[in-house]
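Novice: Take this structure first; my questions come after.
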Amino acid sequence: MQLRNLSSGSRQLSLFEHYINDIVRGKWFIAYTVLLFALIYAVLMFSFETSQAVVGVMNLVIFIVPAVGLFFTSMYYYSRREFMEFILSQPVSRTFVYFSFYLAMSLAMIFSFILGVSVPMFIQGFAPEAIKMSLWGVLLNMIFVAISLMVSVLADDRVRGLGTVLLLWFFFTIFYDAVLTAVIIYFRDYPIEKFIPFVIAINPVDDFRISTLLSTDIAAMLGYSGAVIKHFFGRFFGVLYVAFLQSLWVLIPFLVGLWRFRKKDF
Amino acid sequence: MMAGNRLPLYAIEIRNLHKWYGRNHVLRGVNLTIAHGEYVAILGPNGAGKTTLMKSIIGMARVQKGKIRVMDADVKSDIRKARSFMGIVHQENNLDIYLSVMENLMIYGYMLDLTKGEARKKAEELLEFMEIEKHLWNEKVENLSGGTKRKLMIARALLSEPPIVIMDEPTTGLDPSIRRILWDRLLSLKQKGKTLLLTTHYMEEAHYLSDRVVFMHGGRIIEDGPPDALIKKHLPPYALEISPPIEPGGRPHIYTGNSLIIYLRNPSEIEPPEGVSRFLLRRTTLEDAFLYLTGSRL
């Protein structure tokens, strides 16, 4: 009888390679990268100054990246669930499987972001802004992949899972800002600015917006919450504070998803 | 290798296993032992707990109460070791459909720490063993027939040379000729000393392949033994299907819709009465025994 070597390092690598190959060669992924590149390039062609370019790119990124991160991760998870069940019945730990999936998906999305956003910015001569936006883009992608993976693990039913990510996208990109604006206008006579550092923690999209604008120092475009953050923390600590919030947005969904993944029955 | 090369007493040992999904008590105190090299089939209707039992053995469903040991490795506390003894063929097709036949085996070979050369050699041996034609080896899985996909899943399960093979309804949905080929391949694994545990809806499959069959009903094992002995234990050797039903006269019998099945010691015990539309005499099967014990069809 042969008992296989139980060391998992190379298995882990094989699984990670498998996932990343599988994602990157998908038509969906290629189409997304090309489309992102084309859109960003087009926006930059019509931008005549740095602030206009950064804000234009940022607005597109805020709209597209969370949507693709949420939907693509969830759809890929559900479409590969049977294969994942096979992997889970092998002598590998569930943590490794979860981590491989998350890492492969995040790296693929980041790769796509760099090709689709950073490269056209470099080409059009916005190199310093491209570097800064790439750093925040890495976190933005990691956040929405983590959220989507968590939702997919929690919801066994594909329709419920995809419905939930659709609602989350709507909440983060549209609904939350609309409500926040209404609250700011309605309570403008009250000292609400002291709550802003906590309020923005609820929305990772706002965190991305503020961190991008703070780090590129486009103060005129900071908006109310960005201006408050800058006022409270200063530019440097403001960036650190928002980076901290974004790290929490990566860690918390990742860990909740992992906890459930380790416990659940397949 | 096992300590001192001594095999544990059982390949699989299950003691007082319970499983709940929410408030649904799916497994209710299952006890089962499987010896090395034994072929065991678990039979039962939908909802009997077969798949949950299988998932518990391979660690896909958590053990909540009771013990499962695979080659002495505790499934709850040492699942990775337990899994290293098992090759698993799931009910659903979980091959990577965008990869070729060979790539599906190779990628799994890499996960088992095999080198490229080792993985390829092993994959070729297994594809030949499972009688998958050579011209299909580089074909994408999505283009294969259901039977070939199932053969490939079995080949993949054998890649790690596991002493135990677990199969959840391996031939469901396949046509009878493919089913026969798979049975033949599975029986030839017996010569290699493998232990086989399978669930199935097909009585004929269970009878043909297994040394022992286990009847499950309502989350419990209600009977366990060699197929022929099980039939003999509960019913006489002949079954008479008769419609419309007549008075069975104290003989073992069951009603199935508009028909009656009466079990007879002697095939000539009952002469065809007048006015019956159906009068079919045959040998008693495992399905009769199951039907008689549970009142449920498979």
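The values are calculated or read from the model by the stated rules, or taken from the named source; none is laboratory data. Computed from a predicted model, the values in this text were never measured in an experiment. Cβ placement follows ideal geometry from the backbone for every residue including glycine, while neighbour counts extend to all protein chains displayed. Heavy atoms of the whole protein, side chains included, go into the accessibility calculation; ligands, DNA and RNA do not. Shrake-Rupley method; radii C 1.70, N 1.55, O 1.52, S 1.80 Å.
Novice: For the structure I just gave you, tell me whether residue A:90 is at pLDDT below 85 and open to solvent by 40 Å² or more (accessible area, probe 1.4 Å). I'd like the intermediate steps shown before the answer.
Specialist: Values: at pLDDT below 85: yes; open to solvent by 40 Å² or more (accessible area, probe 1.4 Å): no.
No: the conditions fail for residue A:90.
Results for (1) within 14 Å of another protein chain (Cβ to nearest Cβ); (2) open to solvent by less than 20 Å² (accessible area, probe 1.4 Å), shown as yes or no for each residue.
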residue	(1), (2)
A:61	no, yes
A:65	no, yes
A:79	yes, no
A:97	yes, yes
A:114	no, no
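Novice: Output the residues belonging to the range B:206-226 that are surrounded by 16 or more Cβ atoms within 10 Å (Cβ to Cβ), closer than 17 Å to residue B:45 by Cα and in contact with a helix residue (DSSP H, G or I) (Cβ under 7 Å, 6 or more places away or on another chain).
Specialist: Within the range B:206-226, B:206, B:207, B:213, B:215, B:216, B:217, B:223 meet the criteria.
Novice: Something else about it: Across the range B:52-79, what is the total count of residues that are closer than 30 Å to residue B:291 by Cβ and away from chain A (no Cβ under 11 Å)?
Specialist: 3
Novice: Name the residues in the range B:187-205 that are under 23 Å from residue B:45 (Cα atoms) and away from every other protein chain (no Cβ under 14 Å), would you? Don't jump to the end; show me each part of the working.
Specialist: So the first thing to find is which residues in the range B:187-205 are under 23 Å from residue B:45 (Cα atoms), and the list is B:196-205.
Across the range B:187-205, the qualifying residues are B:196, B:198, B:199, B:200, B:201, B:202, B:203, B:204, B:205.
Novice: Select from the range B:1-51 the residues that are within 14 Å of another protein chain (Cβ to nearest Cβ), open to solvent by 40 Å² or more (accessible area, probe 1.4 Å) and among the small types (Gly, Ala, Ser) and list them in ascending order.
Specialist: Those that are within 14 Å of another protein chain (Cβ to nearest Cβ), open to solvent by 40 Å² or more (accessible area, probe 1.4 Å) and among the small types (Gly, Ala, Ser): B:3, B:4, B:22.
Novice: Look through the range A:136-192, keep the residues that are farther than 23 Å from residue A:55 by Cβ and among the acidic types (Asp, Glu), and return whichever of them is most open to solvent (accessible area, probe 1.4 Å).
Specialist: Among residues in the range A:136-192 that are farther than 23 Å from residue A:55 by Cβ and among the acidic types (Asp, Glu), the one most open to solvent (accessible area, probe 1.4 Å) is A:189.
Novice: Looking at (1) in contact with a helix residue (DSSP H, G or I) (Cβ under 9 Å, 6 or more places away or on another chain); (2) farther than 19 Å from residue A:63 by Cβ, which is the one condition that is false for residue A:143?
Specialist: (2)
Novice: Would it be correct to say that residue B:113 is facing chain A (nearest Cβ under 9 Å), charged (D, E, K, R) and more than 23 Å from residue A:265 (Cβ to Cβ)? Full working, then the answer.
Specialist: Numbers: facing chain A (nearest Cβ under 9 Å): yes; charged (D, E, K, R): yes; more than 23 Å from residue A:265 (Cβ to Cβ): yes.
Taking the combined requirement at face value, the residue satisfies it.
Novice: Considering only residues of the range B:80-102 that are more than 10 Å from every other protein chain (Cβ to nearest Cβ) and out of contact with any strand residue (DSSP E or B) (no Cβ under 7 Å at 6 or more places or on another chain), which is surrounded by the fewest Cβ atoms within 10 Å (Cβ to Cβ)?
Specialist: B:102
Novice: If you don't mind, there's one more thing I want to ask. When you check residue B:128 against the structure, is it within 14 Å of chain A (Cβ to nearest Cβ) and not aromatic (Phe, Trp, Tyr), yes or no? Steps first, please.
Specialist: Details: within 14 Å of chain A (Cβ to nearest Cβ): no; not aromatic (Phe, Trp, Tyr): yes.
Spelling it out, it is not the case that residue B:128 is within 14 Å of chain A (Cβ to nearest Cβ) and not aromatic (Phe, Trp, Tyr).
Novice: Same structure, new question: If a residue has to be touching a residue at least 12 places away in the same chain (Cβ under 8 Å) and outside any strand (DSSP E or B) to count, how many in the range B:63-107 make the cut? Break it down stepwise before answering.
Specialist: Our first condition is that a residue be touching a residue at least 12 places away in the same chain (Cβ under 8 Å); within the range B:63-107, this holds for B:63-73, B:75-76, B:79, B:82-91, B:93-102, B:104-106.
Checking which are outside any strand (DSSP E or B) leaves us with B:63-64, B:71-72, B:75-76, B:79, B:82-85, B:90-91, B:93-99, B:101-102, B:104-106.
Total meeting the criteria: 25.
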